[in-house]
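Right, I'll just put the structure down here and ask away after.
None of the figures in this text is laboratory data; all of them are computed from the coordinates on show. What you see is a predicted model, and the numbers here were worked out from it, not measured in a lab. Because the Cβ atoms are built from the backbone with ideal geometry, glycine has one as well, and the counts that use them run over all protein chains shown.
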Amino acid sequence: MAAQRGWMNNLFLDTGSTSFTEFVGSYAPGLLPARFESLAAPVGDQIPHATTIVAATFAGGVVVAGDRRATAGNYISQKDMEKVFRTDDYSCMGIAGTASTGIEMARLYQVELEHYEKREGRELSVEGKANRLATMIRGNLPMAMQGLAVVPLFAAYDENRGTGRIFSYDVGGGPYEQTNYASIGSGSLFARGALKKLYREGASAEDIILTCVHSLYDAADDDSATGGPDVARKIWPLVAVITDEGFRRLPDEEVEGYVRQVLDLRMTDPDGPTAPLR
Amino acid sequence: MSMPFGYVSPEQEMRDKADFARKGIARGRSVVVLQYENGILFVAPNASRALHKISEIYDRIGFAAVGKYNEFEALRLGGIRYADINGYTYDRSDVTARGLANLYAQSLGMVFTESRKPYEVEIVVAEVGDAPEDDQIYRLTFDGSVADEHGFVVMGGVAEAVAGRLKDRFREGMSLPDALDAALAALTEPGGERPPMLQLEVAVLDRTREHRKFQRLTGPRLERLLATGSSSVTPPSEAGAGGPLEAGDGDSPATAPEGDIDTGSGG
C-alpha cells in the first residue's frame, strides 16, 4: 500500500502499542497535555485550582465525593465545578491541583483505558490502571515544579476481589494504595480527620456516602478553598459510587437528601457527629 | 499491434483482483447485521472465542467483518485509532460512522488498485442513533465501494441465500429475541441445524445504554435470549405456501460452502 499523506500516514500499517498516549505522542504530539520546558515565573496562584476529593470503601464498592469549588488565589473562579470523572465502567478519578491540567489529564486517561480495552478485548487490571495513571502524573512533574501541580485520587471496583480500591498519588507519580479511605486537595487534612473518626469498616454504601458528605462539610468548614453545600443555588457535592454494577453518579436530588441530613444535624451540633471516646 | 510480453490490460487485472477477493470472502461463513427496536444487532457464527469478527469502535459505532482475519483486524485497529483520536481532539459526539466509512473506503480502494493482492474482506460500519431512523449502516467491499444500507446486511459466505432468507423474516422494529431468531434462521440452511451457542458471536449497539452503546451478548444472557426467541417464533404470513423458503428449498446453495471450515482466523 502506498504511503498516505498527512496525519493518516501509516494508520493501518503501523499497529503500534496498546497505549493511546504513546500513539498521540508519536502521531500528533501537539494534542498531549503541554509540557513546557519552563515557565518564566510560577503561575500557580493565577490559574484555577480544584480542591477537596474524598474516597472511602464500603462492603462491595467504593464512594468518591468532591466539593464543587475552584479557586485562583483568594478568588472563587467556579462554584459548580465537577472534578470527579468516570474513567471507565468500573473506575473513576478525582482531581486536585491545577484544574485545567487535571481535566485534560482525566480526558486523556479515559481514552487511554478505553483504547486498551477495545484493542485487546479485555479490561486492564486495577493495578494496571493505577500504574498507567502514575506514569501520566510523572510526566507532568516539570510543570508541577512550576506551580501547575495536579494530583488525582483513583478509585476502582476490583472484580477479582469483589471490593473497592483506592489509590493516591503525589506530583512525582505513585501509586500508593490506601486502605479504607483517602482524601486529596487543600481541605484534605480536615476531611481526613473526619473520615478517620467516622469511618466504620463494613458499613453500608448509604452510611459511607453520608460519612463522605460529612467529611467534605468539615473540609469546607476549615478550608477557605473548599466549597460547602450551596443551599440557595442547590449546588451539592458530586458523589459517585462504584460497585459490581459499575460506575454511578448520584443524581442531584439523591445527594440533596444526604446533604439535608448533614445540615439538619449541624444546626443543633455545628461540629457534626462525634466518635465515642471509649 | 503487438503487445509487450506479459502485458495484462487494466480491465483484466481489475477483474482478476475482484474475482480473487470475492472467492476469499465467500469461503467463510456469513455475518448478519440488522436493526431491531432498540438498536443494531450483529450475529456471526464464529468458532473462535478469542478472534472476533464483531467489535466496538466507539460510543455509538460498531464494526463487523468477514474475510481474512489479519486484514480486517488491521482495519479494525486503524478504525479505533481514528475514532479515539478524533474524539479526543474534538468531542465524543464528533466521531461518526460516515467519517470512518470514508476512511475505510479510501484505504480499501487504495489497496485494491495499488497493491498486488487486494484485501479479501468485507466490512460493515454501523452507528446507532437516538431513534431507529437515525441508525446508519455502511457496507464496504474489498474495492472500497460504500453502500448505505437500511434494515439488514448479510456479507460473506453464501450471502445472497442468507439475505434471501432474512428478507422473508425481517420486519422493522423487531424485539431483540425476534431479531436474533430471524438472524439465526437466515444463517441456517433449510433443514439444517442452528449453530450452537458457544459458536456464536453476538453483540448489540443498544441505544438505551448509557455512554458506550456497544455490548457483547454472552453466557446466560445470550442463552435466555435464544430461548425466548425460538419459543415465540411465528413464521411471517408472507412466507406461506409457495413462498421463497419452500421454493428455494431444493436448489438453494448450502450456507457452508465448499472449502475450509471457518476457524475465525481464515474467514
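Nothing charged except the Cβ atoms of Lys and Arg (+1) and of Asp and Glu (-1): what's the magnitude of the dipole of segment A:46-268 about its Cα centre? Round to the nearest 20 debye.
The calculated dipole for segment A:46-268 is roughly 440 debye.
Next question. For chain A, modelled as a Gaussian network with Cα springs under 10 Å, which listed residue fluctuates most, A:Thr179, A:Thr21, A:Thr51?
It is A:Thr179.
Pick out, in residue order, every one of the trypsin sites (Lys or Arg not before Pro) in segment B:55-122 that is DSSP loop and has at most 10 other C-beta atoms within 10 Å; say none if there are none.
Sites meeting the loop and neighbour criteria: B:Arg116.
Can I ask one more? Using alpha carbons only, how many angstrom separate the centre of segment A:145-205 from the centre of segment B:136-206?
48
Here is a follow-up. Please give the helix A:205-222 orientation as an angle from the longest Cα principal axis of chain A, in degrees from 0 to 90, rounded to the nearest 10.
Around 80 degrees separate the two axes.
Can you figure out the FRET efficiency of A:Arg138 with A:Asp264, using R₀ = 45 Å and their beta-carbon distance, to the nearest 0.05?
Between A:Arg138 and A:Asp264 the formula returns 0.50.
A follow-up question, please. Which residue, B:Ala203, A:Ile103, B:Val32, has the largest displacement toward the positive end of the dipole of the protein assembly as shown when charges sit on each Cβ (Lys, Arg +1; Asp, Glu -1)?
A:Ile103
Next question, about the same structure. Mind pulling the per residue volume of the convex hull built on the Cα atoms of chain A? Å³ is fine.
143
With a sphere of radius 13 Å drawn around the Cβ of B:Ile123, what net charge do the other residues whose Cβ falls strictly inside it have (Lys, Arg +1; Asp, Glu -1)?
My count for the surroundings of B:Ile123 gives -2.
Just subtract the alpha-carbon distance of B:Ala147 and B:Val8 from 0.36 nm times their residue separation and send over the number in nm, one decimal.
47.1 nm
For a 19 Å ceiling on Cα separation, which of these pairs sit above it: A:Lys129/B:Lys53; A:Lys79/A:Lys129; B:Lys23/B:Lys68; B:Lys17/B:Lys167; B:Lys167/B:Lys213; B:Lys68/B:Lys117?
Check vs 19 Å cut-off fails for A:Lys129/B:Lys53; A:Lys79/A:Lys129; B:Lys17/B:Lys167; B:Lys167/B:Lys213.
Go through segment A:130-190 and name the trypsin sites (Lys or Arg not before Pro) that are in a DSSP coil and have 10 or fewer other Cβ atoms within 10 Å of their Cβ.
A:Arg161
Hey, with R₀ at 35 Å, roughly what FRET efficiency would B:Ser115 and A:Ser19 work out to, going by the Cβ-Cβ distance, to 0.05?
About 0.75, to the nearest 0.05.
May I ask you to evaluate 6.51 cos²θ - 1.76 cosθ + 1.60, the Karplus curve with θ = phi - 60°, for each residue of segment B:53-63 and list the ³J(HN,Hα) values in order in whole Hz, giving x for glycine and proline?
Those phi angles translate into 9, 10, 8, 8, 9, 7, 2, 10, 10, x, 9 Hz.
Also, I was wondering about something else. Return the ratio Rg/(2.2 N^0.38 Å) for segment A:69-148, where Rg is computed over Cα atoms only.
This ratio for segment A:69-148 stands at 1.23.
Restricting to DSSP H runs of at least four residues, report the calculated mean residue ellipticity at 222 nm for chain A, -39500 (n - 2.57) per run over all residues, nearest 500 deg cm²/dmol.
So the calculated ellipticity at 222 nm is -11000 deg cm²/dmol.
Can you run the Rg to Rh ratio on segment B:28-252? Use alpha carbon positions and the Kirkwood inverse-distance Rh.
Result: Rg/Rh = 0.97.
Hey, got a sec? Which GluC sites (Glu not before Pro) in segment A:58-146 land in a DSSP loop and have at most 16 other Cβ atoms within 10 Å?
The qualifying sites are A:Glu82.
Continuing with this model, one more query. Computed over the Cα atoms of segment B:11-68, what is the ratio Rg over Rh, Rh following Kirkwood?
So for segment B:11-68, dividing Rg by the Kirkwood Rh gives 1.09.
Can you give the convex hull volume per residue for the Cα atoms of the protein assembly as shown, as a whole number of Å³?
Spread over its residues, the Cα hull of the protein assembly as shown gives 191 Å³ apiece.
Rounded to the nearest 20 debye, what is the charge dipole size of the protein assembly as shown about its Cα centre when +1 sits on each Lys and Arg Cβ and -1 on each Asp and Glu Cβ?
The calculation lands at about 1040 debye.
Taking K and R as +1 and D and E as -1, what net charge do the other residues with C-beta under 9 Å from the C-beta of B:Phe20 add up to?
Summing Lys and Arg as +1 and Asp and Glu as -1 gives +1.
Give me the net charge for the shell around A:Ala156: Cβ to Cβ below 13 angstrom, other residues only, Lys and Arg +1, Asp and Glu -1.
-3
Further, regarding this structure: Once you treat every alpha carbon in segment B:1-110 as an equal point and sum by Debye, what is log10 I(q)/I(0) at q = 0.11, 0.13, 0.21 Å⁻¹?
With no solvent term, the Cα-only Debye profile gives -0.49, -0.64, -1.25.
Just grab the label-to-label distance for A:Asn180 and A:Glu201, each label 7 Å out from Cα along the Cβ direction, in nm (one decimal).
0.8
Then there's this: With angles folded into 0 to 90 degrees, how steeply does helix A:188-198 sit against the dominant principal axis of chain A? Use alpha carbons for both and round to 10.
Between helix and principal axis, roughly 50 degrees.
Let me ask another. Shape verdict for segment B:185-234, please, from the Cα gyration tensor: rounded (a/c under 1.5), prolate (a/b greater than b/c) or oblate.
It is prolate, given that a/c is not under 1.5 and a/b is the larger ratio.
Placing unit charges on C-beta atoms (Lys and Arg positive, Asp and Glu negative, everything else neutral), compute the dipole magnitude of segment B:34-81 about its Cα centre in debye, rounded to 20.
Charge dipole, segment B:34-81, about its Cα centre: 160 debye, nearest 20.
Here's a follow-up. Return the single residue from A:Asp264, A:Asp244, A:Asp80 with maximal mean-square fluctuation; model: Gaussian network over chain A, springs between Cα atoms under 10 Å.
Result for chain A, Cα springs under 10 Å: A:Asp264 fluctuates most.
How would segment A:118-201 be classified by its alpha-carbon gyration tensor: rounded, prolate or oblate, with rounded meaning a/c under 1.5 and the a/b versus b/c comparison settling the rest?
Oblate shape, in that a/c is at least 1.5 and b/c is the bigger or equal ratio.
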